[in-house]
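Since the structure comes first, as structure tokens, the remarks are kept for the end.
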Amino acid sequence: MHADVLVNSIVLLSVVLVSQSFLQPDRQTSSDCKLSLETSEKRCQSLDGLICSGHGQCECGVCVCLVGEPGKFYGSRCECQDWLCESYDGRICGGHGKCNCGKCICDPGWSGNACHYPKTCNIPRKKGNEMCRSSEGLICSNAGTCHCGRCTCNNRGNDKLVYGKFCECNDEDCIDDETSEICGGHGKCYCGNCYCMPGWHGDKCEFQCDITPWESRRKCMSSDSKICSNRGASF
């Protein structure tokens, strides 16, 4: 993995860890609860079996949702958030709608999962296709369909692994062949590239190491400052 990618991965994980460290419940309930722990947690259990959807604390049968950057969770089981809605061209709900519990509510005259389709299209098909053409000269990168100058990416079900203005990103490239997890479960994927958690490396974060990348490179550096004497690779 290149040094710049390693730096990015550490910065990315630092941001995540710092954000999580500031999570605080938005209110507190009385500790004088007459419900048993089992009854209390049963009332807080979401459809996926998690307590408060994994985004809050259960206090006497009531979910107290976490707040922090970039926003807060809400709902009776903390099942809602307003920052992971579909986006188009870098804008949440395409700039033509509002995010409500993870789904876009489109403004009048707009439709689509990301509110990126104008209901009335006045663009000729040929011009629309040119607007959908990527820098490689492919319409929607051959990974989607063009409608009124905007791409809709081909995805199976709700996996949403193909995305981007021209469907140029495919996070299937981040899936580990052995575990079938994104970046082996040890990193985040962005546009087909894994950014690994500290202590993990590899194209799909499949290798574990208890020393930093810089320490690893230092140990592999020969007296002439060459990594593995230019006859190998540092891991």
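The values are calculated or read from the model by the stated rules, or taken from the named source; none is laboratory data. Remember, predicted model here, so these are calculated numbers, not experimental data. Please note: Cβ atoms are built from the backbone with ideal geometry, for glycine as well, and neighbour counts cover all protein chains shown.
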Looking at G94, G109, can you tell me which residue is in contact with a Ser or Thr (Cβ under 8 Å, 6 or more places away or on another chain), surrounded by fewer than 19 Cβ atoms within 10 Å (Cβ to Cβ) and modelled with pLDDT of 80 or more?
G109
Which of the residues that make up the stretch 72-91 are surrounded by 20 or more Cβ atoms within 10 Å (Cβ to Cβ), among the hydrophobic types (A, V, I, L, M, F, W, C) and closer than 24 Å to Q45 by Cβ?
F73, C78
Just give me the residues in the stretch 37-92 being in contact with a His (Cβ under 6 Å, 6 or more places away or on another chain), over 30 Å from F166 (Cβ atoms) and hydroxyl-bearing (S, T, Y), in sequence order.
none
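Which residues, counting only those in the stretch 130-139, are in a helix (DSSP H, G or I) and in contact with a helix residue (DSSP H, G or I) (Cβ under 9 Å, 6 or more places away or on another chain)?
none
What number of residues in the stretch 46-66 are touching a strand residue (DSSP E or B) at 6+ places or on another chain (Cβ under 7 Å), in contact (Cβ under 8 Å) with a residue 24 or more places away in the chain and either among the hydrophobic types (A, V, I, L, M, F, W, C) or within 10 Å of S76 (Cα to Cα) (or both)?
Residues flagged as touching a strand residue (DSSP E or B) at 6+ places or on another chain (Cβ under 7 Å), in contact (Cβ under 8 Å) with a residue 24 or more places away in the chain and either among the hydrophobic types (A, V, I, L, M, F, W, C) or within 10 Å of S76 (Cα to Cα) (or both) within the stretch 46-66 amount to 4.
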